[in-house]
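Encoded as structure tokens, the structure appears first; notes follow it.
The values are calculated or read from the model by the stated rules, or taken from the named source; none is laboratory data. For clarity, every value in this text was computed on a predicted model and none was experimentally measured. All Cβ positions, even for glycine, are placed from backbone atoms using ideal geometry, and neighbour counts span all protein chains on display.
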Amino acid sequence: MPASLQSLWPNVRPQGVLAAAAVFLAAALGAAPAHAGPTLEAIEKRGLIKAGVGSQPGFFAPDSSGRWQGFWIDIGRAIAITTLGDPEKIQFVSSSPQQRLPALKSGEFDILLSGVTQTITRATQHGFHFGPVAFYDGQGLLVPKKLGVAAPKDLDGATVCIQTGTTGEQNIADFFRKSGATFKPVTIEDTSEFLKAFEAGRCDVLTQDGSDLGIKRTQLRQPDDYVILPERISKEPLAPAVRYGDDRWLELVNWSVYALIQAEELGITSQNVDTFLDSSDPEIRRFLGVDLSLGLSTGLDPKFAYKIVKTLGNYGEVFDRNVGPTTRIGFQRGLNRLWTAGGLLYAPPFR
């Protein structure tokens, strides 16, 4: 067997590769997978992905031993499995909202996994591609219960704490402009200063993505004295972000996220994935790499999706483990449910 074939699929038995040689030849004569661009070449050369993240428990934060944990951390480890075959071959670096996008553009990071909102300006003016939306969010408003505010329309004249360098600045200005109300902004760069300013009474309202506010509320000294208003004043589709110029890298990011979603659609979990290896369903056999044709035609390890699910679970497991109803964060799935359950999550076909 040619060594080059075995190097492409190191986790497939030699006889499996030989049995699929005809499929490989057909794929080679057809449209070949896109070549690695500069970002993917750099990743492969160093053997490590550099990822920019934030510092919110549940989404991205080191545990007591210094190991990064969280929803976006698991997304990153899935990408590392697809790209380098190992969930540990990714380095997470915390960066502020003001620093993240410039750092990605300059090449300091290969990817941002910091809950970046996908916008047309970031895509066209700043030169960023976005992977699949992995978390659907919206900007919310956290207020003290003592204010007696029932809805955003009751906030005319309020003082609002806003984090600089985020889409939240424009969102809150747009909201008040449309409602005909006025507000006084208090801009704060350091997220650690947010709660101090809020609890000290420097502002009546704290505004961020609803997911961030859910975490912020748990960090207040008296969280029950505060409420997140039910309305959302914006759409905040949060997705991995990469630089222009490397289509192959973007697709590896895309299909890593889709693998988590597809596994949940198929009912495959970290606990039962091995029982699906004997399935006669052709879709499941392709997805888990039992049928080698998908890996052979894409140039990926046929088992990449299997490894992601075995190591990290499906999307639902990742969500529930890090931020779900039984965690301290306590988020409901909401729009982050599968499309079959009334949510927005949808994976294209693995074929």
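The table below gives the values:
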item	result
Residue in segment 115-138 that is crowded, with 21+ Cβ neighbours inside 10 Å, touching a strand residue (DSSP E or B) at 6+ places or on another chain (Cβ under 8 Å) and under 27 Å from Ala200 (Cα atoms) present	no
The one condition in (1) charged (D, E, K, R); (2) out of contact with any strand residue (DSSP E or B) (no Cβ under 9 Å at 6 or more places or on another chain); (3) in contact (Cβ under 8 Å) with a residue 12 or more places away in the chain that Asp281 fails to fulfil	(3)
Failed item, numbered, when Ala305 is tested on (1) within 30 Å of Ala123 (Cβ to Cβ); (2) more than 18 Å from the chain's Cα centre (by Cα); (3) at pLDDT 95 or above	(2)
Residues satisfying the stated conditions in segment 175-232, i.e. outside any loop (DSSP other than H, G, I, E, B) and among the polar types (S, T, N, Q)	Ser179, Thr187, Ser192, Thr207, Gln208, Ser211, Thr218, Gln219
Asp204 being closer than 18 Å to Ala151 by Cα, over 25 Å from the mean Cα position of the chain (by Cα) and among the charged types (D, E, K, R)	yes
Long-range neighbours under 8 Å by Cβ, at least six apart or interchain, first residue small (Gly, Ala, Ser) within segment 166-179, second part of a helix (DSSP H, G or I) and surrounded by 20 or more Cβ atoms within 10 Å (Cβ to Cβ)	Ser179/Pro152
Residue, surrounded by the fewest Cβ atoms within 10 Å (Cβ to Cβ), within segment 87-107, restricted to residues that are among the charged types (D, E, K, R) and closer than 21 Å to Gly66 by Cβ	Glu88
Answer residue from segment 139-154, given it is over 32 Å from the mean Cα position of the chain (by Cα) and surrounded by 14 or more Cβ atoms within 10 Å (Cβ to Cβ) and is nearest to Tyr315 (Cα to Cα) among those	Val149
Flag if Asp291 is over 30 Å from Asp137 (Cα atoms) and in contact (Cβ under 8 Å) with a residue 40 or more places away in the chain	no
